[in-house]
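Please read the structure below before turning to the comments.
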Amino acid sequence: MTSTLPRVSIVTPSFNQAAFLEETIQSVLSQDYPNLEYIIIDGGSTDGSVEIIKKYADKLAYWVSEKDAGQADGINKGLVRATGEVVAWLNSDDTYLGSAIETFLPGSIRSAVAALQANPDCGLVYGDVLAVDAAGQKLNLARYDDWNLDDLLKFKIIGQPAVFMRRSVLDEVGLLDTRFHFLLDHQLWIRMASLAGMKYVRERWAAARYHEAAKNVAQAERFCADADALVDWVKSEPALAERYKRLGKQAEAGIAMFKAFYLSTGRMPVQALQSYGRAFLISPALALKQWRRILWTLGSLLGLDHIPGLARRLNRGKAKE
C-alpha cells in the first residue's frame, strides 16, 4: 500500500520552542499516512529542543541543529532535502492533530494527498485551522473558502499550517524568498497560484498556536511592513502588477483590513482602529464583515477586553496565520 501512495515530506523549522516542540513532532508522527518523510531543521536552540529532537531521531529522515539566517532559510534547507511529491512545513508550535484541544484528528496528510490527486491542476491544497492558546485551549476555528490568485492579492490569508504543496509546482516557482520574514508563506502562495490552481477542503487539518511569543503577537507591526514590501514586490512583477491594478479598491481595502487585524492582535488598538477606518472609507461592506473584531479592538482600547466571556464572543476572528 505504501508504494502506491506518493511520498509526503514535512519540514519543521525549530528555534527555542521546547515548550511546544514535542507535541508538534508527535502530531506529525501520529498521522495515519505510511509514506511519510519527516525533517527537522533546528536553528541552534539552547532551550532543550535538541534533546527533544534526539528522542525521535530514529523516526526522522534528517535533522540538524545549526545557526541559520532565519525561518525562511531554515525551511528552505529542509525543502531542499525533501524527496516527497507532496511537501509542507509545520512550525514548531503548531500541530496537525488537536492534542489537548479535542479528539485527535488523524488523517490531515491523507486527506491533503487525496485532494491533490483529485485536482491534478492544483499546485496547493489547504484546509481549516484551529487557533489555540499556549495551553492548547481552543480559541476559534479559522474557516476559509475557495480562493484564487485575486483573493491572495486582496490579502485573504490562508492558515499556513494547513497548506500542502505539489513539489513539481514548488520546483517551478522556487523556494521561499528570504527577504520576507512574516509573509514568506503568502508570497509563495501567490507565486504558486500564478502558475497553477489551488483547492480548499472544508476540513480541520491543523492547529495553530497563539501565544505571547508568537510572531503575530510579539511583532505585529512588522507584519504590516512585510505587507508593504509584498505590495512593492507585486508591483515589480509585470503580470501581477496589472492584475493588482485591476483589483483597485478591493486590494487597497484588503491590505488595510490585514494590517488592522495584526495591529489589533499585537495590542495596538489605536493604530488598528485607524486602519479599520481606512478600510471602511474604501469598502464599508468589507470592513463591516469584521464588526465583531472591530468591537473587540474598541473594547481593548477601553480596557474591556478582559471581561469574562466578552472577548471570546467578539474575538472570533482572532487566529494565527
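Please treat every number below as a calculation from the coordinates, not as lab data. What you see is a predicted model, and the numbers here were worked out from it, not measured in a lab. Neighbour counts are summed over all protein chains in view; Cβ atoms, including those assigned to glycine, are modelled from backbone coordinates with ideal geometry.
Taking 30 Å as R0, compute the FRET efficiency from the Cβ-Cβ separation of L302 and L175 and round it to 0.05.
So the FRET efficiency works out to roughly 0.10.
Between V231 and A118, take the C-beta separation as r, use R0 = 45 Å, and let me know the FRET efficiency to the nearest 0.05.
Values: r = 34 Å, r/R0 = 0.75.
About 0.85, to the nearest 0.05.
Mind giving me the FRET efficiency for D47 and E242? R0 is 51 Å, r the Cβ-Cβ distance, nearest 0.05 is fine.
0.60
If you average the alpha carbon positions of region 261-284 and of region 219-240, how far apart do those two centres end up, in angstrom?
Result: 18 Å between the Cα centres.
Output the 0 to 90 degree angle, nearest 10, between the alpha-carbon long axis of helix 238-247 and the longest principal axis computed from the alpha carbons of the chain.
Roughly 40 degrees between the two axes.
With the radius of gyration and the Kirkwood radius both derived from the Cα set of region 1-81, what is their ratio Rg to Rh?
Looking at region 1-81, the ratio lands at 0.98.
Give me the one-decimal nm value for the distance between modelled label points at E221 and L281, 7 Å along each residue's Cα-to-Cβ direction.
Distance between label points: 2.2 nm.
Given region 47-164 reduced to its alpha-carbon atoms as identical point scatterers, what log10 I(q)/I(0) does the Debye formula return at q = 0.09, 0.11, 0.12 Å⁻¹?
Normalising to I(0) and taking log10 leaves -0.31, -0.47, -0.57.
How much of the DSSP bridge set in the chain is antiparallel, in percent, rounded to the nearest 5?
30
Compute the helix-to-body angle for 220-236: its Cα long axis versus the longest principal axis of the chain, expressed 0 to 90° and rounded to tens.
The answer is roughly 90 degrees.
The chain: percent of C-alpha pairs farther apart than 26 Å?
Roughly 46 percent, once rounded to a whole number.
Give the separation of the Cα centroids, region 1-43 to region 63-77, in Å.
Using only Cα atoms to place each centre, the spacing works out to 16 Å.
In percent, what relative contact order does region 150-298 have, based on Cα pairs under 8 Å that are 6 or more apart in sequence?
Dividing the mean separation by the residue count of region 150-298 yields 24 percent.
Apply the Debye scattering formula to region 218-314, with a single equal point scatterer on each alpha-carbon and no solvent, then give log10 I(q)/I(0) at q = 0.18, 0.20, 0.25 Å⁻¹.
Log10 of I(q)/I(0), two decimals: -0.83, -0.96, -1.24.
Do the alpha carbons of any pairs in K154/K289; K67/K259; K154/K245; K156/K289; K154/K199; K55/K77 sit beyond 19 Å of each other, and which pairs?
K67/K259; K55/K77
Treat every Asp and Glu Cβ in the chain as -1 and every Lys and Arg Cβ as +1, leave all other atoms uncharged, and give the resulting dipole magnitude about the Cα centre to the nearest 20 debye.
1020
Hey, for a label at D145 modelled as a point 7 Å past Cα toward Cβ, could you say which residues of region 169-203 have their backbone N under 19 Å away?
Residues 190, 198-203 qualify, since their backbone N sits under 19 Å from the label point.
In degrees from 0 to 90, rounded to the nearest 10, what is the angle of the helix 291-301 Cα long axis to the longest principal axis of the chain?
80
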